[in-house]
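J.: Pasting a structure here, questions to come.
We did not get these values from a lab; they are worked out from the coordinates using the rules stated. If you're wondering where the values come from, they're calculated on a predicted model, not measured in any experiment. For neighbour counting, all protein chains shown are included, and Cβ atoms are generated from backbone atoms with ideal geometry for every residue, glycine included.
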């Protein structure tokens, strides 16, 4: 059974992705940093439903820590052939009032985290001549959003990284794609995006569900998506992209 690592797997969207990949079926490695107990709850639910899962805990912003954990996983169980770079954080503020720490943390988790996680796993994946990498971007990277210059910049950086890496590994049977969710029904967006804004911005007049994003990711990591690479797909309820 192929193994899949989902960073930020303990959150609402990450958990939905983990469940969808477990149903594929893949052995899912549920990553967390601050809340390992939540990751274990996700893994336990997958196992209770007949799937295969384990947990791992490290800071995606720490290259040495991430490398140590990931290299040990490869040494003990072979290449991890599916990576979903889902970890991200919001620290919203207008740029004129944004602190250096708010900028650095948001960029580091999404963009440096992509490097710190993907880099140690890439050569072993290349050695198997099969792999799937999916990077979670955002509609904010495509159209911008007030108060999210840091987040939009970080998630836009992932789009460039996706396209460049797709070219580097295309001949090795590895695909690299990005998913850019719109307004998704998670605890983090419930308070930040009122229903009235959803109705005015989203032609479908509703929030997307984590499961709708996860189902796309499950397809992107499947055998059937082997000729789809270097793409950015937005799950956004028909929002106009400009």
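J.: Please give the FRET efficiency for residue 35 paired with residue 71, using the beta carbon to beta carbon distance and R0 = 22 Å, rounded to the nearest 0.05.
T.: 0.40
J.: Please give the Cα centre distance for the stretch 203-239 versus the stretch 77-142, rounded to the nearest Å.
T.: First find each Cα centre; the distance between them is then 17 Å.
J.: What ranking do 155-168, 30-43 get when scored by the average of other Cβ atoms within 10 Å per residue, highest first?
T.: The most tightly packed comes first, giving 30-43, 155-168.
J.: If you don't mind, there's one more thing I want to ask. Arranged by the count of other C-beta atoms within 10 angstrom, fewest first, what order do 193, 106 take?
T.: With the fewest neighbours first, 193, 106 line up as 193, 106.
J.: For 195, 108, what ranking results if the residue with the fewest other Cβ atoms within 10 Å of its Cβ goes first?
T.: In order of increasing Cβ crowding within 10 Å: 195, 108.
J.: Which angle from 0 to 90°, rounded to the nearest 10, does the C-alpha axis of helix 113-128 make with the longest principal axis of the chain?
T.: Compared with the principal axis, the helix lies near 30 degrees.
J.: Helix 210-220 against the longest principal axis of the chain: what's the angle in degrees, Cα atoms only, rounded to the nearest 10?
T.: Orientation of helix 210-220: about 50 degrees from the principal axis.
J.: Helix 12-22 sits at what angle to the longest principal axis of the chain, using alpha carbons and giving 0 to 90 degrees rounded to 10?
T.: The two axes meet at around 30 degrees.
J.: In deg cm²/dmol, rounded to 500, what helix-only [θ] at 222 nm does the chain give when every DSSP H run of at least 4 residues adds -39500 (n - 2.57) and the total is split over its residues?
T.: -14000 deg cm²/dmol
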